[in-house]
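*Asks:* This is the structure, below, for whatever I ask next.
The values are calculated or read from the model by the stated rules, or taken from the named source; none is laboratory data. The structure displayed is predicted, hence computed values, not measured ones. Virtual Cβ from ideal backbone geometry, glycine too; neighbours counted across all protein chains shown.
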Amino acid sequence: MISRDLSALPKRDVYRILSSLVIPRPIAWVTTVDDVGRVNLAPFSSFMGIFGPPMVAFTAGRRRDGSLKDTHRNLKANGQAVVHLADLPLLEPLHASGAEADPEVSEVARLGLATLPSLQVAPPRLADAPVALECRLNRELDLGPASTLILLDVVVAHAAERIWSAEFDCADASLWTPVVRLASVVGPNYGALGETFRLGPSELP
Ligand SMILES: Cc1cc2nc3c(=O)[nH]c(=O)nc-3n(C[C@H](O)[C@H](O)[C@H](O)COP(=O)(O)O)c2cc1C
């Protein structure tokens, strides 16, 4: 067994090691709008769903110059976002949208992604994303000088018909290929959902 005391390591090593261990991570692909309506898009893989209450959460770090990321700044200003989940055909634009860009650059326009209006929030949703969750900011939790946990209430959930099971009246993972984040620094950095299983309720033997 390799054992590391994370409190004794430099931050960069902690990030490299822990992001290679906590895998696979779903990726929140987030649209927000700024005060003049420009649409921002960025991926966040320190991401989780909280299903009761209906919420999602991700952490936003800081830009290289220490300022807030556009997604975070827009959420602070107007409290609205759409969190998408992407499938394999969208992996390249998803990855490209993680490049640090000036606030006036719309990654959606730059990447030529089609959008649809949302029902209850101002940021549009990505037309080709199989899942889009319209969200409102619930609260932020400061995790130190360089990281903020952002908690969002999910107000509307959209799913493409092609991933929907009429039998179960919810999405069926066997009908699409969600992409996931692996190690963030070295090694393979993305994966796609592979084999899936269906077991009954848990029982101890
Ligand atoms: C797959 C992927 C996952 C990422 N996950 C995170 C994350 O969880 N937290 C974070 O702060 N940045 C994360 N990033 C980096 C941001 O996407 C990047 O800083 C982006 O430029 C932020 O854009 P914005 O300033 O438009 O919000 C990730 C990048 C990629 C490609």
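*Asks:* Can you confirm whether residue 33 is away from the ligand (no atom under 11 Å from the Cβ), within 23 Å of residue 129 (Cβ to Cβ) and crowded, with 20+ Cβ neighbours inside 10 Å?
*Replies:* Here the answer is yes, as residue 33 does meet what is asked.
*Asks:* A further question follows. I'd like to verify a number: residues in the range 138-162 that are modelled with pLDDT of 95 or more and either in a loop (DSSP other than H, G, I, E, B) or farther than 29 Å from residue 60 by Cα (or both), how many?
*Replies:* 5
*Asks:* Every residue in the range 92-131 that is out of contact with any Ser or Thr (no Cβ under 7 Å at 6 or more places or on another chain), among the β-branched types (Val, Ile, Thr) and within 14 Å of the ligand (Cβ to nearest atom), please. Please lay out each step first, then the result.
*Replies:* Keep residues of the range 92-131 that are out of contact with any Ser or Thr (no Cβ under 7 Å at 6 or more places or on another chain), which gives 92-106, 109-110, 112-122, 128-131.
From the residues that got through so far, the ones that are among the β-branched types (Val, Ile, Thr) too are 105, 115, 121, 131.
Result: 105, single match.
*Asks:* Moving on to the next point. Name the single residue that is surrounded by the fewest Cβ atoms within 10 Å (Cβ to Cβ) among those in the range 106-126 being more than 23 Å from residue 64 (Cβ to Cβ), in contact with a strand residue (DSSP E or B) (Cβ under 6 Å, 6 or more places away or on another chain) and small (Gly, Ala, Ser).
*Replies:* Ranking the candidates gives 122 first.
*Asks:* Moving to a separate point now. Restricting to the range 36-48, name every residue that is under 10 Å from the mean Cα position of the chain (by Cα) and away from the ligand (no atom under 11 Å from the Cβ).
*Replies:* The answer is none; no residue qualifies.
*Asks:* Can you pull out every residue in the range 83-118 that is among the hydrophobic types (A, V, I, L, M, F, W, C), in contact with a Lys or Arg (Cβ under 9 Å, 6 or more places away or on another chain) and free of Cβ contacts under 8 Å to residues at least 60 places away in the same chain?
*Replies:* Within the range 83-118, 96, 101, 105, 116 qualify.
Let's see how each residue does on (1) surrounded by 14 or more Cβ atoms within 10 Å (Cβ to Cβ); (2) at pLDDT 95 or above; (3) touching a strand residue (DSSP E or B) at 6+ places or on another chain (Cβ under 6 Å):
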position: 62; (1), (2), (3): yes, yes, no
position: 68; (1), (2), (3): yes, yes, no
position: 72; (1), (2), (3): yes, yes, yes
position: 77; (1), (2), (3): no, yes, no
position: 84; (1), (2), (3): yes, yes, yes
position: 91; (1), (2), (3): yes, yes, yes
position: 95; (1), (2), (3): yes, yes, no
position: 101; (1), (2), (3): yes, no, no
position: 104; (1), (2), (3): no, no, no
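*Asks:* Okay, moving on. Checking the condition within 23 Å of residue 162 (Cα to Cα), touching a residue at least 12 places away in the same chain (Cβ under 8 Å), of a type outside the set (S, T, N, Q) and crowded, with 19+ Cβ neighbours inside 10 Å, which residue from 129, 42 passes?
*Replies:* On inspection, the qualifying residue turns out to be 129.
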